[in-house]
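Novice: Could you have a look at this structure, given as structure tokens, before my questions?
What follows draws every value from the coordinates through simple rules; no lab data is involved. Predicted model only: the values in this text are computed from it and were never measured. When we count neighbours, we look across all protein chains shown, and the Cβ atoms used for this are built from the backbone with ideal geometry, even at glycine.
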């Protein structure tokens, strides 16, 4: 019971520190995009609008007030869930983000699973071959892999499996002619609960390459940390004693090695998963995947400020949420908290 | 004759230096090495395959892009943008990051608290998103790409170096310098900086690889240099539009980026192994 109280207290602290971070982030987003040489008022009017009309629009949008007042108004609306209207799409930014975010979340979650599986498997393999000639080779390979960000992996996989072997689709979420059930907006989840297996399978096929690209890019960092934490764990006396007690190597690894090596790996995952979420932007563009990344880049090309601000802020919130979730997992698994 | 320094004997360092030298030669002598003008459009030879493939033309050894521009020439000229960004962005990020790391680590207290919080805020921005937003605010162009990368990546240096400075600050020779009456500035530059230098050089080498990727990403989405300057990311974006007709156009710039990033990473890894005084002799080889 006391363990829960400690964890809850630490988590509340963690969430509370996220609030000032978000405040400064929104200030930065507002500030960076206010130095732009474009006039949002002129942009939201037809090109033949008169100077008076532009002036009227400026005062209506509050652009003639001091900048800190503008920020106050913007922040106030933001807290009510109103990020403004897209200049280009003529739609509420909240609804635009709401319709694209689920796709990005699904991609990110799938990629995290792929990356974790690959990272743990790779780390165990690196550990297994320790001290052999294979280790030197693998070490070299892992530097090679570290040189490849998700950007290059996406392109490689697209060329190999999409263009040369033509085994997997690489554009969009669904092939033409598939029904798109809408319940929650999460395509995989929705097609599963409506029993639409054909759509589910097709959507999964479209997600293999993007999630693989993100997952593979994530895995080398996990591999290396898991290996070195396993090496550290095996230095300790309890491994020696367990071995003397006659435990099999497999049991030794699972019960003693992994149990102690998983915590440092987990604390790295929080940061890495955050990077991965940012990486979805590029992968989405390369695979024409209709998520928030494509929305953001469209908005950048059209200098559509409300979307850029809204999407930028959403990315930051996602990174903070990911790090809080991973941190709480860390706290729950950390045996040091149980003693107290 | 002076003996060859230990770090230069490392195979990794040598490999990295050779790769970087090849890139630098491409960048410096691009007008003489490239078979064609990188911006000249041959509209009669659009998306030509490489010279060795069917229908290839010896005039364009690696074929042409969707506007009939020579892929090999663009590839060679793009090394200019890549290396300019790699060197200037990493030097800039290093100076800012190292400055704040040394100030934070040396003085501690509220200065350290403030700098650490700023770094924390920066880290809540995914790097790609932050650099895109900065490019929107700054506008495209080579100078702004460099500036955006510096503004995003100084935290990489700051975070890692700060903890190193904190370790070094507690060393006896630093206290000795302070007792003798060295100024803070002199203590940092003469006593602490030599200790952080190996890590700093290693980080810089890795940062050059990161900067090349970020530039490629920015030019891929059209937010880097203007369209008249060839860049690897632009070439990839062009090839993505015509992926079925000319898949080879995409392979060439991908391999170029990979080659460059691998060069900087292997150099960084080699330097880390040879310069880090805490590694044992066996770990180094």
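Novice: Over the stretch B:6-279, what is the relative contact order in whole percent, taking alpha-carbon pairs under 8 Å and six or more residues apart?
Specialist: 27 percent
Novice: Nearest 10 degrees is fine. How inclined is helix B:109-123 to the longest principal axis of chain B, computing both from alpha carbons?
Specialist: Computed tilt is about 20 degrees.
Novice: Could you work out [θ]222 nm for the protein assembly as shown from helices alone, using -39500 (n - 2.57) per DSSP H run of at least four and dividing by all its residues? Round to the nearest 500 deg cm²/dmol.
Specialist: -23500 deg cm²/dmol
Novice: Could I ask something else about it? Provide the gained length on full extension for the span residue B:22 to residue B:255, in nm with one decimal, where the gain is 0.36 nm per separating residue minus the Cα-Cα distance.
Specialist: That pair, residue B:22 and residue B:255, stretches by 82.5 nm at full extension.
Novice: Taking square-rooted eigenvalues a ≥ b ≥ c of the alpha carbon gyration tensor, is the protein assembly as shown rounded, prolate or oblate, where a/c under 1.5 means rounded and, failing that, a/b exceeding b/c means prolate?
Specialist: rounded
Novice: Set the Förster radius R0 to 41 Å, insert the Cβ-Cβ distance between residue A:235 and residue A:167 as r into 1/(1 + (r/R0)^6), and round the FRET efficiency to 0.05.
Specialist: 0.35
Novice: Can I ask one more? With no solvent and one equal point scatterer per Cα, compute the Debye intensity ratio I(q)/I(0) for the stretch A:109-255 at 0.10, 0.13, 0.16, 0.17 Å⁻¹ and report its log10, rounded to two decimals.
Specialist: Debye output, listed in q order: -0.52, -0.75, -0.92, -0.97.
Novice: I want to verify the translational diffusion coefficient of the stretch A:93-338 in µm²/s; compute it with Stokes-Einstein, Rh as the Kirkwood radius over Cα pairs, at 10 °C and 1.306 mPa s.
Specialist: This corresponds to a translational diffusion coefficient of 80 µm²/s.
Novice: Just to confirm the number: angle between the C-alpha axis of helix A:259-286 and the first principal axis of chain A, 0 to 90 degrees, nearest 10?
Specialist: Relative to chain A, helix A:259-286 is tipped by roughly 40 degrees.
Novice: Once you put a point 7 Å from the Cα of residue A:179 and another 7 Å from the Cα of residue A:129, both along the Cβ direction, what distance in nm separates them?
Specialist: Using points 7 Å along Cα→Cβ, the separation is 4.8 nm.
Novice: Starting from the 7 Å offset along Cα-to-Cβ, what nm value, one decimal, do you get for the label separation of residue B:170 and residue B:242?
Specialist: In this crude label model, residue B:170 to residue B:242 measures out at 6.2 nm.
Novice: Say R0 is 56 Å: what FRET efficiency, to the nearest 0.05, do residue B:33 and residue A:271 get from their beta-carbon distance?
Specialist: It comes out at approximately 0.85.
Novice: What nm value, rounded to one decimal, do you get for the distance between residue B:57 and residue A:6 when each label is placed 7 Å out toward the C-beta?
Specialist: Result: 7.4 nm between the two label points.
Novice: Can you give the FRET efficiency for residue A:204 and residue A:332, using 1/(1 + (r/R0)^6), R0 = 35 Å, r = Cβ-Cβ distance, to the nearest 0.05?
Specialist: Taking R0 as 35 Å, the efficiency between residue A:204 and residue A:332 is 0.70.
Novice: Relative to the first principal axis of the alpha-carbon coordinates of chain B, what is the inclination of helix B:248-275, with its axis defined by its Cα atoms, in degrees from 0 to 90 and to the nearest 10?
Specialist: That helix lies at roughly 20 degrees to the long axis.
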